[in-house]
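A short write-up of the structure that comes next.
The values are calculated or read from the model by the stated rules, or taken from the named source; none is laboratory data. Everything numeric here is computed off the predicted structure, so don't read it as measured data. When we count neighbours, we look across all protein chains shown, and the Cβ atoms used for this are built from the backbone with ideal geometry, even at glycine.
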Amino acid sequence: MFKNYLKIAWRSLKTNRLFSIINILGLSVGLTTALVLFLFIMQEHSYDKMYANKNKIYRVLLNTTDEDKETWANSPSIIAPELKSKIPEISKAGRILKNNFGETAFVRVKKGVFAEEKLFWCDASIFEMFDIEIVKGTGGENLNNPNTVLLSESAASLYFGNENPIGQTLIVDNRNRFEVKGVFKDFPENSSLDFNVVTPFMMQNAAKNPTWDNASFETFVLFNSNTPNVANVESLIQNIVDANVKKEDQWYNFSLQALEDIHLYSASISDSYLTDIGDVKQIQNLSALAILILIIACINYTNLITARSQKRAMDVGVNKTLGASKGNLIKRFYIETGLITAIAMLLGVVLVTVVLPIFNNIAQKNINISALFTFEILGFLMLIWFVTTLISGSYPALYLSKFSPKEVLKPTRGKAGVTSYIRKGLVVVQFSASIVLIISVMIIHQQLKFIKNKDLGYNPENIIAISISGIRDGEANKALVNAFERLTNVSAVTRSQGYPGIGVSGRTIGKPNSNESLNIQTNRAEYNIGNVLQFNLLAGKLLPKIKHPKDTLVEVVVNKKVVDFLELTPEEAIGKRVDMSLGNNAFITGVVDNFNFESLHSPIGAYAFHNRRSEAKSFLLVRFQNEILSETISNFEAAFKSVATNSAFEYTFLDKNIERLYKKEQLTANVGLLFSIIAIFVACLGLFALAAFMAEQRNKEIGIRKVFGASVMRIISLLSVDFIKLILMSLVISFPLALYFMNNWLQDFAYRISISWSVFLIAGVLAICITFLTVAYQAIKAAISNPIKSLRTE
Amino acid sequence: MIQIKELEKYYKTEEVQTIALNKLSFEVKEGEFVAIMGPSGCGKSTLLNILGLLDDPDGGSFKFNGEEVAGYNERKRAQLRKHNVGFVFQSFNLIDELTVFENVELPLIYTGVKPAERKKRVEEVLEKMQIMHRRNHFPQQLSGGQQQRVAVARAVVNNPKLILADEPTGNLDSVNGNEVMDLLIDLNEAGTTIIMVTHSEHDAKYSHRIIRMLDGQKVTENILV
């Protein structure tokens, strides 16, 4: 009997080509989407699962106790040795520090100079905790000795080609010389940790003189047990802090984050050296979208099958008069759906191979096609096949199998009413979902555009930031500034610790005669910083041009947020001493207007430029005129190389860097756009088939109307108006939903657009146009057909 | 074989109630060939639905082989129908996706006959209907007459005691129509009871007895044989 059902299903597929193609195409697009996203989700969940100690490793998080209540991944350097020695549950603790607090390193070897993004200073224990595999030479124990370095396989091959890297020398930032002791296997794609060059943390000042102040070191601990009592250990950490840090100096407390949570649950954690961070919210959103598209595809199937229920009624009736039971028929319909879903699934798998590179590109991922051929995916395929068959097949199976055999002898049309309502309801659901997507994508794009065009309080355009941390010589640095100032299309040059858009130093500023304090970002800079960044000076002056090396006075230029906190006007603030860990001799010399130095997700905080010799000036900021050309870049490089022969020319544009801050939003917008197109495509497929069916069903009516003089236009509008009505209904449902979702999304931005009614208007017009175009083909076809034909067929 | 007594059937819509069968009574003996005639809307099809155990009467008695079946639920009726009743429709109602052989085989599948036995029985009946050479064709590849032969073959393959034919020649020309009537006569002579609804006086003359209906009631009964 099973064979018989399969045979009927297969032949019915072949006979009704249009419906079959639309059904299979719609379902396979839905399944492809679900599959690609499942691969993506699987990869996101696979992060850090490869480490044997995965259940025992935790990262120490620092929670600030000020009004901002931030969570940082960096802690003071003393935390690691303190926890290891005082908490018996912790067997190991290790710190990592990205070169020069997060900067690109310049690695010089015989072959030349390389800009290295992934140079980390690590404790030896990190290698033991993460069981990093050594493929050549010796391992992590080398990090207990100074001037040793471990390289990843790819770094070793980049720096030394086919030569044996062991024993070779490399020089970092023109300062430290290291001997290569070992080569470790490249970190897998799905590891949060990813090093290319590892140098000993013990060489850092912070290792020699660990303190409770400078929270710049990412710290990992290894527990003895797989199921540590985290809450208990956190309270022990608090006890250690209480014993060592005065209550009034405790601007933080500590918590622990499991290694397995780092990838997906760190989106709101700042100050981490790990850059490959996912977002569980994004995964949830994408999963919801995938399910939505799959449901839209399933709705198509259900709609098309029930739309053809008159033919089905006859089928069911005949089978029942021949002895088929309701159960037989339910089985038959499920088998038919199962067959179609299976074909769609196979097609979906083929489509995945085509779509995955595109998805990788849009989502900036690197999911390998081989991930498709695993047991998990096979299981997922079976599950999704089953679920899709169940969702799509249930209504036809349960509804159609109920048809009475009487229908065969005298077909009645009475029941069509109920199904047609359900069908219309499903179309409304499909289109509501699609319109919500259209509106969301439009609003996301508007917000991104707003971000791009917002006045940030300074001008990030036409500024290039060149990394100069490899140039140690003060004279060379001055020569470099001169060399750039001489270039024709350069209008201002300065050196600074950092620039808006990247983290600089985190300090706190205290209010005189009060316990209140405020987190502040401080940036060591030079007098020309104002000309380069072009912010608005409210009072006083910028940093002095010439600073004597023995001058202990620290000049500070603060933003308005700081004087507001100090309850002063900009003018009153000038000349006031400030308490912000810049020594006892720091005075405000200038006040600039507030500017957005972080992404627009955060409100503007306190910021200060100063000239204390506490931090290195790692960047040369160059403001140039006109648009940048490749020739300008070559001129810059030539000027750079004329002074810094031993450094790599590493640069970034400030405006491009700002765009990077919104990578996640851009990604959401791109993926959202992709999904909206897919959703609308699938929904339109269904609509197209439904329109074909409706035109066919109303054939006789159209014939009669034409005989009595209806024009072609009238017939077209007759057939289209029903669908347009459905779309209008979808608009009514989708508008408040979209408004709700997008208002929520916008809450994440401190600076955001207000949603305009025009978005809804455009989405509405767009939806109606798409519907009309989809339906019009069928409507026109029916309207211009010869009425005699349709009347004769009846 | 069939005894109906004061059979009633109503159709209700929101506003009107239509009486389809109005205290209709008659009997059909085993081996009889009865034609039922009457204008459109006189209740013929309703009667056929009830006799074919597809529908339930609203009143009266319906005995099938001496067993009272009025009030049987759908499952019980289906069980009885499967083994005892074959149907022939005006519009053939063959399943487009199945070949001639597969269409005829269908009732045997539903009654659980083994594949080897099915093959034997289908071939026998196709042979008898002289359409063996068309066994692998699909319905749309056959003429109307041939389609009706397949429909008759499908109706008899289970050896039902009763065949209900609803305008079996309605969609056929006179030559093909006569051939189908001859087939029914052959079946009847072999012992199958046949009840046929028809508009055609010509076809009705093949039967033993003609029952004429009007407004859900029997008006006359002519015995021909």
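Here are some notes:
- Subset tally (residues that are closer than 16 Å to A:Leu289 by Cβ and surrounded by fewer than 20 Cβ atoms within 10 Å (Cβ to Cβ)) for the stretch A:670-698: 5
- Hey, A:Ala710 assigned to a helix (DSSP H, G or I) and of a type in the set (Gly, Ala, Ser) or not: no
- Qualifying positions in the stretch A:481-521 - among the small types (Gly, Ala, Ser), under 27 Å from A:Thr65 (Cβ atoms) and in contact with a strand residue (DSSP E or B) (Cβ under 6 Å, 6 or more places away or on another chain): A:Gly498, A:Ser505, A:Gly510, A:Ser517
- Scope the stretch A:237-277; condition closer than 17 Å to A:Glu89 by Cα, surrounded by fewer than 16 Cβ atoms within 10 Å (Cβ to Cβ) and touching a residue at least 12 places away in the same chain (Cβ under 8 Å); matching residues: A:Gln238
- Pairing each residue of the stretch A:385-407 that is away from chain B (no Cβ under 14 Å) and surrounded by fewer than 22 Cβ atoms within 10 Å (Cβ to Cβ) with any residue that is among the charged types (D, E, K, R) and part of a helix (DSSP H, G or I), provided the two are 6+ apart or on different chains, yields C-beta distances under 8 Å for A:Leu400/A:Arg312.
- If you go through the stretch B:110-125 and keep only what is of a type in the set (Ser, Thr, Tyr) and either assigned to a helix (DSSP H, G or I) or exposed (fewer than 12 other Cβ atoms within 10 Å of the Cβ) (or both), you end up with just B:Tyr110.
- Matching residues, the stretch B:48-76, being assigned to a helix (DSSP H, G or I) and either at the interface with chain A (Cβ under 10 Å from one of its Cβ atoms) or of a type in the set (Val, Ile, Thr) (or both): B:Leu48, B:Asn49, B:Ile50, B:Glu74, B:Arg75
- Elements of the type helices (runs of 4 or more DSSP H) sitting completely within the stretch A:1-103 and holding at least 3 residues that are on the phi > 0 side of the Ramachandran plot: these cover A:99-102.
- Taken over the stretch B:78-93, the residue count meeting the criterion of being surrounded by fewer than 20 Cβ atoms within 10 Å (Cβ to Cβ) and more than 10 Å from chain A (Cβ to nearest Cβ) is 2.
- Of the strands (runs of 3 or more DSSP E) lying entirely inside the stretch A:166-241, those carrying at least 1 residues that are polar (S, T, N, Q) and touching a Lys or Arg at 6+ places or on another chain (Cβ under 9 Å) are A:169-172, A:215-223.
- Annotation: of all residues in the stretch B:138-170 being within 12 Å of chain A (Cβ to nearest Cβ) and part of a loop (DSSP other than H, G, I, E, B), the one that is surrounded by the most Cβ atoms within 10 Å (Cβ to Cβ) is B:Val157.
- Candidates are the residues of the stretch B:107-127 that are closer than 12 Å to B:Val150 by Cα and of a type outside the set (D, E, K, R); the one that is farthest from the other protein chains (Cβ to nearest Cβ) is B:Leu126.
- Residue selected from the stretch A:632-668 under the condition touching a helix residue (DSSP H, G or I) at 6+ places or on another chain (Cβ under 7 Å) and of a type in the set (A, V, I, L, M), by the criterion surrounded by the fewest Cβ atoms within 10 Å (Cβ to Cβ): A:Leu667
- Residues located in the stretch A:635-669, provided they are of a type in the set (A, V, I, L, M), over 25 Å from A:Leu533 (Cα atoms) and in contact with a Leu (Cβ under 7 Å, 6 or more places away or on another chain): A:Ala669
- Lone unmet requirement of (1) free of Cβ contacts under 8 Å to residues at least 24 places away in the same chain; (2) among the basic types (Lys, Arg); (3) buried (at least 16 other Cβ atoms within 10 Å of the Cβ) for A:Lys725: (3)
- Subset of the stretch A:103-117 [closer than 17 Å to A:Thr652 by Cα, of a type outside the set (Phe, Trp, Tyr) and surrounded by 19 or more Cβ atoms within 10 Å (Cβ to Cβ)]: A:Glu103, A:Thr104, A:Ala105, A:Glu116
- Out of A:Asn55, A:Asn63, one residue alone is in contact with a Ser or Thr (Cβ under 9 Å, 6 or more places away or on another chain), modelled with pLDDT of 85 or more and under 27 Å from A:Ile377 (Cα atoms). It is A:Asn55.
- Pairing residues of the stretch A:657-673 that are under 22 Å from A:Ala465 (Cβ atoms) with residues that are assigned to a helix (DSSP H, G or I), at Cβ distances under 6 Å and at least 6 apart in sequence or on separate chains, gives A:Tyr662/A:Ile451.
- Check on B:Gln130, within 13 Å of chain A (Cβ to nearest Cβ), more than 14 Å from the chain's Cα centre (by Cα), farther than 27 Å from B:Ile2 by Cβ and not hydroxyl-bearing (Ser, Thr, Tyr): no
- Test result for A:Ser420, touching a helix residue (DSSP H, G or I) at 6+ places or on another chain (Cβ under 7 Å), among the small types (Gly, Ala, Ser) and assigned by TED's automatic domain parsing to the domain that holds A:Ile678: no
- Whether a residue is buried (at least 19 other Cβ atoms within 10 Å of the Cβ), within 34 Å of the chain's Cα centre (by Cα) and not in a helix (DSSP H, G or I) was assessed, and A:Leu518 passes this test.
- Residues that are of a type in the set (S, T, N, Q) and within 21 Å of A:Asp593 (Cα to Cα) were ranked within the stretch A:444-461; the one that is nearest to the chain's Cα centre (by Cα) is A:Asn453.
- When the residues of the stretch B:28-47 are filtered to those that are farther than 13 Å from B:Leu162 by Cβ and more than 14 Å from chain A (Cβ to nearest Cβ), the one that is nearest to the chain's Cα centre (by Cα) is B:Ala35.
- Residue in the stretch B:115-127 that is at pLDDT below 90 and of a type in the set (Gly, Ala, Ser) present: no
- Condition check for A:Leu718: modelled with pLDDT of 85 or more and surrounded by fewer than 18 Cβ atoms within 10 Å (Cβ to Cβ): no
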